[in-house]
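What follows is a set of notes on a single structure, which appears directly below.
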Amino acid sequence: MSNTSSTPTALEGAVKTSFEERSAWIQLISQLVGMGAYTAVAGPILAEGVRAVEEEARAQVAPPSFFPVLLAVALIIAINVVGHAVAAIASRPEGRDERDRVIGWRAAHGSEWVLGLGTVVGITALMFELEGVWIAHLLLLFLFLSEVLCCVLKLAFYRRGM
């Protein structure tokens, strides 16, 4: 009689993911957390009125609309660094193979149109003389959407297969 059971362990039933796929998950999470924090901090500033807030803050070193951007960038970098370090420690990262390169290329190709659309929207906003801070928020929004779409496409290509 054998001591081994016929039920698979948690590790045997787990789906093996490549380092590149784990990296896409880490990047997606960092983008969502960073932009969530950005929205939580910048939203009230925008709701209060950017001009009113910036007039009150003339004596400060940086305008108040700069802090949310700094916070978002810091969170995105921190989550990416910690996440990739943990992923690298958990399992040795293997080199990128042809499949990883094709998936990266297809995901970037499929998401770049969002960034292009954001550029056109930003230029159109300039033509309508929208305030610079609103244009910056629009451009940041389209950059965020493009990056999130790229990560989602990578994950879909990894799960669906190439």
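The values are calculated or read from the model by the stated rules, or taken from the named source; none is laboratory data. Fair warning: this is a prediction, and the values are worked out from it, not measured in the lab. Heads up, the Cβs are rebuilt from the backbone with ideal geometry, glycines too, and the neighbour counts pull from every protein chain shown.
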Enumerate the pairs (first residue in the range 84-105 and under 14 Å from THR17 (Cβ atoms) and touching a residue at least 24 places away in the same chain (Cβ under 8 Å); second residue anywhere and part of a helix (DSSP H, G or I) and not hydrophobic (A, V, I, L, M, F, W, C)) with beta-carbon separation below 6 Å, excluding pairs fewer than 6 apart on the same chain, so at least 6 apart or on different chains. ALA87/ARG22; ASP100/GLU20; ILE103/LYS154
Tell me whether the range 44-54 contains one or more residues that are among the aliphatic types (A, V, I, L, M), part of a helix (DSSP H, G or I) and at pLDDT 90 or above. no
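Of the residues LEU140, LEU145, LEU117, LEU149, which single one is closer than 30 Å to GLY43 by Cα, touching a residue at least 60 places away in the same chain (Cβ under 8 Å) and under 21 Å from the mean Cα position of the chain (by Cα)?
Working: LEU145 fails: touching a residue at least 60 places away in the same chain (Cβ under 8 Å); LEU117 fails: touching a residue at least 60 places away in the same chain (Cβ under 8 Å); LEU149 fails: touching a residue at least 60 places away in the same chain (Cβ under 8 Å).
The unique qualifying residue is LEU140.
Residues being outside any helix (DSSP H, G or I) and over 29 Å from GLY49 (Cβ atoms): count how many of those fall in the range 116-162.
2
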Just give me the residues in the range 61-115 being of a type in the set (Lys, Arg), surrounded by 11 or more Cβ atoms within 10 Å (Cβ to Cβ) and not in a helix (DSSP H, G or I), in sequence order. ARG96
Would you mind stating whether LEU126 is crowded, with 17+ Cβ neighbours inside 10 Å and of a type in the set (A, V, I, L, M)? no
Checking the structure you have, find out if any residue of the range 133-140 is surrounded by 17 or more Cβ atoms within 10 Å (Cβ to Cβ) and among the small types (Gly, Ala, Ser). no
